[in-house]
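Asks: Below: one structure in structure tokens.
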Amino acid sequence: MATFDQNPSTKTDMTMTPEQSFQALKAGHERFMAGKSRHPHSSAHRLKQLVDGQRPMAAILSCSDSRVPVELLFDAGFGDLYVVRTAGNTSYSDTIGSLDYGVLSLGIHLIVVMGHERCGAVTAACTSEETLTPALSDLVGTIRSNLKRVGMSNDVGAACRANSMESARSLVHGSALMQERVKQGTLRIEAACYTLEEGAIEWLGAVS
Ligand SMILES: [Zn+2]
């Protein structure tokens, strides 16, 4: 199995298939769950290797929530993950543009859209009494649209999962580049949900 901590070369990540990248991510998370994190690629030497460029092995679209530290959850280090974070891991123009860059210029072939339980942004989307700023209202509106598409009510736990799936689907629908790569099988987009209490990542499946 390919693991991104065994070989520090920034070039080897390009040779990994989407499945190998996915297995490497899962392996990193299993180490974290088992209390056996290796904290790879955290040295000054690794930083020097990355000065001329980056070849991350996966992209993660996650929530900005401070309880979801992406590199720690996947036992990853400098240069391993290309991370885009918004409250509620929403897919809109800036998010899609950032991930388009990752796919087009950095050779990303695996994207994980990872929501989490008890997400404040999703909770706001499930309720209507909160006073929001215009920008926050737009963001929550994006989540509400996701939930409306799949007929969700106000079950926040289910809504967090549904929002991850819909956000992942929105990447495919919102980017001709990602749509084409997914169709070709050179890009895989997986949805996931981080369970706060257990610390485990629940894999929800790939989208197309
Ligand atoms: Zn959140």
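Asks: I need a count of the residues in the range 51-80 that are among the aliphatic types (A, V, I, L, M), in contact (Cβ under 8 Å) with a residue 12 or more places away in the chain and open to solvent by 20 Å² or more (accessible area, probe 1.4 Å).
Replies: Here is the first cut: in the range 51-80, the residues among the aliphatic types (A, V, I, L, M) are 51, 57-61, 68, 70, 72-73, 76.
Remaining after also requiring in contact (Cβ under 8 Å) with a residue 12 or more places away in the chain: 57-61, 68, 70, 72-73, 76.
Narrowing the set further to residues that are open to solvent by 20 Å² or more (accessible area, probe 1.4 Å) leaves 72.
Of the residues in the range 51-80, 1 are among the aliphatic types (A, V, I, L, M), in contact (Cβ under 8 Å) with a residue 12 or more places away in the chain and open to solvent by 20 Å² or more (accessible area, probe 1.4 Å).
Asks: Write out, first by first residue and then by second, each pair whose Cβ atoms fall under 9 Å of each other, whose residues are 6+ apart or on separate chains, and whose first residue, in the range 87-100, is open to solvent by less than 10 Å² (accessible area, probe 1.4 Å) while the second is assigned to a loop (DSSP other than H, G, I, E, B) and more than 15 Å from the ligand (Cβ to nearest atom).
Replies: LEU99/ILE108; LEU99/SER175
Asks: Which residue is most open to solvent (accessible area, probe 1.4 Å), if the candidates are limited to the range 116-163 and must be part of a loop (DSSP other than H, G, I, E, B) and within 13 Å of the ligand (Cβ to nearest atom)?
Replies: Initial filter on the range 116-163 (part of a loop (DSSP other than H, G, I, E, B)): 117-119, 127-133, 150-155.
Within this subset, residues satisfying the condition of being within 13 Å of the ligand (Cβ to nearest atom) are 117-119.
Numbers: GLU117: 42, ARG118: 144, CYS119: 1 Å².
Among residues in the range 116-163 that are part of a loop (DSSP other than H, G, I, E, B) and within 13 Å of the ligand (Cβ to nearest atom), the one most open to solvent (accessible area, probe 1.4 Å) is ARG118.
Asks: Okay, moving on. Taking the options GLU190, GLU197, GLU130, name whichever one is at pLDDT 95 or above and not β-branched (Val, Ile, Thr).
Replies: After applying the criteria, what remains is GLU190.
Asks: Quick check on my filter: what residues within the range 39-85 are within 16 Å of the ligand (Cβ to nearest atom) and under 19 Å from LEU106 (Cβ atoms)?
Replies: Scanning the range 39-85 gives ILE60, LEU61, SER62, VAL70, VAL83, VAL84, ARG85.
The values are calculated or read from the model by the stated rules, or taken from the named source; none is laboratory data. Being a predicted model, the structure only gives us computed values, none of them experimental. Ideal geometry is used to build each Cβ from the backbone, glycine not excepted, and the neighbour counts take in all protein chains shown. Surface accessibility is based on the protein's heavy atoms, side chains included, excluding ligands, DNA and RNA. Shrake-Rupley method; radii C 1.70, N 1.55, O 1.52, S 1.80 Å.
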